1. Can you compute the FRET efficiency between Ser145 and Glu110 using 1/(1 + (r/R0)^6), with r the Cβ-Cβ distance and R0 = 30 Å? Round to the nearest 0.05.
2. Taking the beta-carbon count within 10 Å as an exposure proxy, list Ser191, Ser74 from fewest neighbours to most.
3. Listing Thr204, Thr71 from the residue with the fewest other Cβ atoms within 10 Å to the one with the most, what is the order?
4. If you keep only loop residues by DSSP, which trypsin sites (Lys or Arg not before Pro) in the range 56-124 have at most 16 other Cβ atoms within 10 Å of their Cβ?
Amino acid sequence: MLKSLLVTGAALSILAGGLPALGAPAASTSALSAPPPGRITIRLVTANGSGCPLGTTTVAPFADNEGFTVTYSSYLAQGGGGVSPAENRKNCQLAVEARVPQGFTYAIAEVTYRGFMQLERYATGLQKASYYFAGDTTTAEVQRSFNGPVTDNWNVTHQANTYVWAPCATTRNININSELRVSGRSSTPTSIMTMDSTDASVSTVYRFAWRQC
């Protein structure tokens with residue numbers, strides 16, 4: 001997707017502040033454990049939204065059980081240059097099932113979002129995301145804005161300062177919502193922002209913290 005627009009060079013890296021206080025306080029270092037033995041399984045249950053049409057999103061666990069990746073191949077918002085307003089906002093709602101070895105539970109400790117942006121002068125881009133466990137009212141919400149002119153890969157990391165743990169002995173879906181918005185002037189060239197990939201090296205990365213039940 002838009003391979004001709006991808007550029008080399010250092011990625012734009014932004015470290016966001018900690019997530020809002022969520023649920024119980026973060027576990028102490030002594031309460032955390034190493035990833036469990038065996039293998040976790042990650043499965044994409046559903047994908048809905050203009051940013052993730054059918055067949056354009058995949059998930060995969062890390063071999064070391066430290067987390068999982070989400071890879072998009074058609075997640076593109078555009079603005080300015082006479083583009084239809086329907087292209088200004090793209091979103092995606094995912095339900096991801098994580099099955100872990102008995103006796104362990106996990107929390108999402110860190111998320112890294114990646115993509116590419118080409119924002120013309122006066123254009124702005126916005127990335128928003130949230131995630132929560134099915135059946136839980138506790139939601140982590142984050143967002144980051146960008147101003148043009150800029151043409152670069154973007155890389156945003158959100159670190160949790162409190163952990164929300166998956167229920168023990170119960171499989172709950174991780175519900176992931178994300179959104180991209182681009183606004184620009186009709187008199188300027190079209191601006192774009194993606195959260196997609198031309199290869200498997202550009203993905204959203206979810207990293208786990210582990211503890212024993």
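Just so it is clear, none of the values below were taken in a lab; they were calculated from the coordinates. What you are looking at is a predicted structure, and each value in this text was computed from that prediction instead of being measured. Note that we place each Cβ from the backbone using ideal geometry, even for glycine, and neighbour counts take in every protein chain shown.
1. On the way: r = 21 Å, r/R0 = 0.69.
So the FRET efficiency works out to roughly 0.90.
2. Details: Ser191 30, Ser74 18.
Listed from fewest to most nearby Cβ atoms, that is Ser74, Ser191.
3. Working: Thr204 24, Thr71 21.
Listed from fewest to most nearby Cβ atoms, that is Thr71, Thr204.
4. Details: sites: Arg89, Lys90, Arg99, Arg114, Arg121; in loops: Arg121.
Counting only loop positions with at most 16 other Cβ atoms within 10 Å, the trypsin sites (Lys or Arg not before Pro) in the range 56-124 are Arg121.
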